[in-house]
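The values are calculated or read from the model by the stated rules, or taken from the named source; none is laboratory data. Because the structure is a prediction, the values reported are computed rather than measured. No Cβ is skipped: glycine too gets one built from the backbone with ideal geometry, and neighbour counts run over all protein chains shown. These accessible areas exclude ligands, DNA and RNA; they are computed on the full protein's heavy atoms, side chains included. Shrake-Rupley method; radii C 1.70, N 1.55, O 1.52, S 1.80 Å.
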Amino acid sequence: MTKAVLILPGTALIYIPFLIQWFSNSWPFDVIVGTGLHWALAVMLVVPALALAANTMKLFVHEGHGTPAPWDPPQRLVINGPYRYVRNPMLSAVILMILAEAVVLNSPFLLGWAIVFFFLNTLYFIFIEEPGLERRFGEDYLRYKAAVPRWLPMLRPYEPPEANCN
């Protein structure tokens with residue numbers, strides 16, 4: 001799991017933002033760190049994002065018997081916890097963390113990175129991740145995909161068909 005965290009979220013949250021700030025001449029030397037309001041907004045974004053990320057990673061390990069990494073994907077379909085409301089809560093958490101970085105560093109370039117990251121992941125999910133999940137988990141994933149939105153959470157949780165058979 002450590003390898004997956006260092007490579008995947010590490011790249012999106014640390015390495016790329018560092019390079020963006022470096023090449024935009026905004027950091028580390030000329031950074032204008034946000035005001036108290038910026039920090040408050042960033043905390044409001046990052047605290048739930050960290051909790052969401054930790055919860056989803058825990059679910060991947062304990063219920064899915066895998067990691068978020070493509071080289072060690074979950075062996076079982078994870079549709080509990082936040083996955084009952086939205087299909088990609090882990091990536092939603094990462095996007096919120098990038099937005100928090102953009103706010104606290106007053107960086108329109110990092111805001112741009114959040115947008116690019118969202119679109120790149122949307123393309124990845126549509127053309128690679130979702131077809132792979134369909135192959136691995138078949139009808140279970142197709143039912144889940146049809147019922148649960150990719151990015152915007154539902155108000156009512158997804159109830160898998162097995163939960164209704166009591």
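Observations
- Matching residues in segment 72-83 - criterion: being more than 12 Å from the chain's Cα centre (by Cα) and part of a helix (DSSP H, G or I): Gly81
- Here the condition is being part of a loop (DSSP other than H, G, I, E, B), surrounded by 16 or more Cβ atoms within 10 Å (Cβ to Cβ) and under 14 Å from the mean Cα position of the chain (by Cα); of Val46, Val86, it holds for Val86 alone.
- Taken over segment 63-79, the criterion of being open to solvent by 40 Å² or more (accessible area, probe 1.4 Å) and closer than 19 Å to Asp140 by Cα is satisfied by Glu63, His65, Gln75, Arg76, Leu77.
- Lone qualifier among Val116, Val103 - being assigned to a helix (DSSP H, G or I), in contact (Cβ under 8 Å) with a residue 24 or more places away in the chain and more than 16 Å from Gly64 (Cβ to Cβ): Val103
- Taking first residues from segment 58-81 that are within 22 Å of Glu162 (Cα to Cα) and touching a residue at least 40 places away in the same chain (Cβ under 8 Å) and partners that are open to solvent by 50 Å² or more (accessible area, probe 1.4 Å) and not polar (S, T, N, Q), the Cβ contacts under 6 Å between residues at least 6 apart in sequence or on separate chains come to Leu77/Asp140.
- Checking each residue of segment 137-152 against the condition of being within 16 Å of Leu13 (Cα to Cα), open to solvent by less than 40 Å² (accessible area, probe 1.4 Å) and small (Gly, Ala, Ser) gives no match.
- Residue identified as in a helix (DSSP H, G or I), open to solvent by 60 Å² or more (accessible area, probe 1.4 Å), farther than 21 Å from Gly10 by Cα and touching a helix residue (DSSP H, G or I) at 6+ places or on another chain (Cβ under 6 Å) among Leu41, Leu37, Leu133, Leu111: Leu41
- None of Glu139, Glu162 is among the acidic types (Asp, Glu) and at pLDDT below 95 except Glu162.
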